[in-house]
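No lab work stands behind these numbers, since they all come straight from the coordinates. Worth saying up front: this structure is predicted, and the values here are computed from it rather than measured. Reconstructed Cβ throughout: ideal geometry from the backbone, glycine too, with neighbour counts over all protein chains shown.
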Amino acid sequence: MSEPILIIGGGVAGINCALNVANYGTKVYLVDDTPSIGGMMARLDKTFPTNDCSICIEAPLMYEVHNHSNIEILTNTEVRRVRKTNGMFKVRLVKKAKFIDEEKCTGCRACMDACPASLPDEMDGKIGGMRKLISMAFPQAVPNKVYINPDCRYGRMRNKGACVGGCVVDCSQCRECPIALCVAACKKEGKDAVRLWQSNKNIDLEVKSIVVATGIKDAPAPPGLHGYDVYDNVITNIQFERLMNAGGPTTGRIVRPSDKKYAHKIAWIQCAGRGLAQGLPYCSKVCCMIAAKQTIITKEHDSSVETLIFYNDLKAYGKGFWGFYQKAKEKGVRYIKARPYDVSEDPATKNLTIRYEDLETGELKKEEVELLVLSTGLIPSNRNQNLAKVLNIELDHLGFFKERDPLMAPLATNVKGIYLCGGATGPIDISESVVQACAAGMKAILTN
């Protein structure tokens, strides 16, 4: 088992696949194009149907991967070229500059405190989350190092208050920066880890097999859908997930974006946009349980909060899922089989009125709520298109990677030695991802 294996994607599937393979004595390269492994699971609050803390489950696995002698983690790294020769894959990776010496950085965050500029966080912006131009992916990030936004390094953030970018000398020529506040703060701590002159680095590998674990992402809500991007208090389910997360921008307080007041009546619209021109054409499998989880946890925060779920169909396909739905109902969650068709806002209170057709009675009704959550579904990773070309493997019509034969050759692709797991194959929950990761890892080991 001396030939190494490449795993693309450092979410929960990639992490479990790496550990499974490495524990058999095989060298693993775990590659992710973001600054930290962990994927979407690291940003969730709880997992269904047990409501266990998400990061409490994943963080020990992340640190185990980080400390495993057979695993090498390559974050902020892209796969640029793959060629198969004599049964082995020759891979060209590009490790993008973080502008930080990771050997010297201790994650003390002094540089973050010194940075004068912030931008809305890519996930938490709608609910008030901000991120410094030098930041850490999240508190439990692995590796636990900061990174600098490339737009800051290349002088494109001066209008946002950045201190970098006004110098006439390029950083690659001058290595004694008198301008950057992060450089000064780091040196004051005795670290000298900020490296504004750092450049991208090419890495060449030879591996016997590849596992694609690129994961999934939340579907953005189309502007105007049920008032999204029109009314402040219409958010998506992933934004609500961050709202109730103790590590999120509100430290777990379920407050409205408009006035930061606690919401006492909250509604969820399931399958938001599904079937419309701007919505998804498929069921994402997990949204019903996500809504159930979020209502249960909301009730645990404050049992007096009124919660409503507007739904067309109910998906409870996994072990314990139906009981989880029943638990939500026992907590007092109102399930309304309905088709919402209009959302309007009261300019004075910022409350929202949802007009809908009750599918059980045929009547037109309305409900006034303080916060509206849209379950928009899950979509393929935005890296799939490019990666499919690099690996010469197929995508299906939805943009997920295509299995050669889901029945006779599950998790295998049209290229021998390349396998799939987790959200790379389609919408999936965490437990399924872990099972697939173990299976794909074994297939990769046994490739000959």
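Here are a few things to note about the model shown:
- Of the candidates A439, A444, A338, the single residue that is within 29 Å of Y317 (Cβ to Cβ), touching a residue at least 12 places away in the same chain (Cβ under 8 Å) and either among the charged types (D, E, K, R) or in a strand (DSSP E or B) (or both) is A338.
- The lone exception for V390 - which of (1) surrounded by fewer than 21 Cβ atoms within 10 Å (Cβ to Cβ); (2) over 18 Å from the mean Cα position of the chain (by Cα); (3) part of a loop (DSSP other than H, G, I, E, B) it fails: (3)
- Residue match in region 44-54 (condition: in contact with a helix residue (DSSP H, G or I) (Cβ under 7 Å, 6 or more places away or on another chain), under 20 Å from A439 (Cβ atoms) and buried (at least 22 other Cβ atoms within 10 Å of the Cβ)): no
- Considering region 203-230, the residues that are of a type in the set (D, E) and over 25 Å from the mean Cα position of the chain (by Cα) include one that is surrounded by the fewest Cβ atoms within 10 Å (Cβ to Cβ), namely D204.
- For S284: the one exception among (1) closer than 22 Å to W322 by Cβ; (2) out of contact with any strand residue (DSSP E or B) (no Cβ under 8 Å at 6 or more places or on another chain): (2)
- Take the conditions (1) closer than 21 Å to M289 by Cα; (2) loosely packed, with under 13 Cβ neighbours inside 10 Å; (3) free of Cβ contacts under 8 Å to residues at least 24 places away in the same chain; W322 misses just one of them, which is (2).
- Considering only residues in region 83-109 that are more than 25 Å from the chain's Cα centre (by Cα) and surrounded by 20 or more Cβ atoms within 10 Å (Cβ to Cβ), the one that is nearest to Q239 (Cα to Cα) turns out to be V91.
- Hey, D229 of a type in the set (D, E, K, R) and in a loop (DSSP other than H, G, I, E, B) or not: yes
- T353 vs. criteria closer than 19 Å to V255 by Cα and either among the small types (G, A, S) or not in a loop (DSSP other than H, G, I, E, B) (or both): yes
- Residues in region 166-190 that are surrounded by fewer than 17 Cβ atoms within 10 Å (Cβ to Cβ) and part of a loop (DSSP other than H, G, I, E, B): 14 in all.
- Only one entry in E103, E64 is under 25 Å from G14 (Cα atoms), assigned to a helix (DSSP H, G or I) and out of contact with any Cys (no Cβ under 9 Å at 6 or more places or on another chain), namely E64.
- Looking only at region 118-151, and only at residues there that are in contact with a strand residue (DSSP E or B) (Cβ under 7 Å, 6 or more places away or on another chain) and of a type in the set (A, V, I, L, M, F, W, C), the one that is surrounded by the fewest Cβ atoms within 10 Å (Cβ to Cβ): M130
- Yes/no for N386 being within 22 Å of Q239 (Cα to Cα) and not aliphatic (A, V, I, L, M): no
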